[in-house]
Every structure is written in C-alpha cells, then in structure tokens.
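The values are calculated or read from the model by the stated rules, or taken from the named source; none is laboratory data. The model shown is predicted, which means the values in this text are computed figures rather than measured ones. All Cβ positions, even for glycine, are placed from backbone atoms using ideal geometry, and neighbour counts span all protein chains on display. Ligands, DNA and RNA are stripped out before the accessible areas are found, and what is left, the full protein with its side chains, is counted by its heavy atoms. Shrake-Rupley method; radii C 1.70, N 1.55, O 1.52, S 1.80 Å.
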Amino acid sequence: MTDTQIGAFLRECVVYEEDSEEGLDLDALYGLYISWCVLGNKIPVPDSAFRTSIRLNGVKHHKRDGNRYYPGLRMVGAAARDYVLNSVPAAYEVSVPPVPLTDDDEALPAAV
C-alpha cells in the first residue's frame, strides 16, 4: 500500500463539498475504492489500511449510528458509476411468484 495510491483514488473519485450534510459511509467509500482498483487493475489494500491511509490524507470522519461517516464527500467518475451499477442490481430484479397448476395443466416431470 502506498499513500500515493490512496491519494490518487481520492483525487479521481471523490469531491468534497464543505457545506453539504450529505456524505459517504465507510462501506460506500471502501466499495468505491474497490471499484477504482478493479477498473485500474490495482491490488486493493485491506479496509483497515484504507481507513488509516484516508485519515493520513486528511479525510476526517464522524460517527453516525456507530458507523464511520464522511460528511461532504461525494462520488464522481467512472469508479462511481461502476460502484453504483454493481451495488444496486438487487433493487431492480423482478421476482415472479410461481403460478399454481390447474387441473387443465400438465405437471412437469420431476428433476432426476
């Protein structure tokens, strides 16, 4: 791990909006980092080293409901698109309930 790698990630993938109440929690920020690594063929550092490195890069967190929260941070760029697209597909999956057979329908043979 290098602070240069995390610094590059922060420069490319997040913007800081000082007056914003919105922000990212640690899971979202680390997930964004993982997406950035995958897109750039980089080996990600463990989350504990990531937390230390972003702190050393001047990113401060608050605690909200017992979780680390980074107010004012917003995702940008290709890694943000990748993270969002790969984080929410379950919300768009369609669940179709099974249709019960009637007397007129033929039952399918049991799988062997």
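Of note:
- Hey, LEU32 at pLDDT 95 or above and within 14 Å of the chain's Cα centre (by Cα) or not: yes
- Verdict on ASN41 being open to solvent by 30 Å² or more (accessible area, probe 1.4 Å) and assigned to a helix (DSSP H, G or I): no
- Flag if SER20 is open to solvent by less than 60 Å² (accessible area, probe 1.4 Å), of a type in the set (Ser, Thr, Tyr) and farther than 17 Å from ALA78 by Cα: yes
- Residue in region 87-94 that is surrounded by 13 or more Cβ atoms within 10 Å (Cβ to Cβ), small (Gly, Ala, Ser) and at pLDDT below 90 present: yes
- Residue match in region 56-79 (condition: open to solvent by less than 70 Å² (accessible area, probe 1.4 Å), part of a helix (DSSP H, G or I), aromatic (Phe, Trp, Tyr) and touching a residue at least 40 places away in the same chain (Cβ under 8 Å)): no
Here is a yes/no grid of residues against (1) open to solvent by 30 Å² or more (accessible area, probe 1.4 Å); (2) closer than 19 Å to GLY72 by Cα; (3) not in a helix (DSSP H, G or I):
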{"site": "ALA8", "(1), (2), (3)": "no, yes, no"}
{"site": "GLU12", "(1), (2), (3)": "yes, yes, no"}
{"site": "LEU24", "(1), (2), (3)": "no, yes, yes"}
{"site": "GLY31", "(1), (2), (3)": "no, yes, no"}
{"site": "SER35", "(1), (2), (3)": "no, no, no"}
{"site": "ILE54", "(1), (2), (3)": "no, yes, no"}
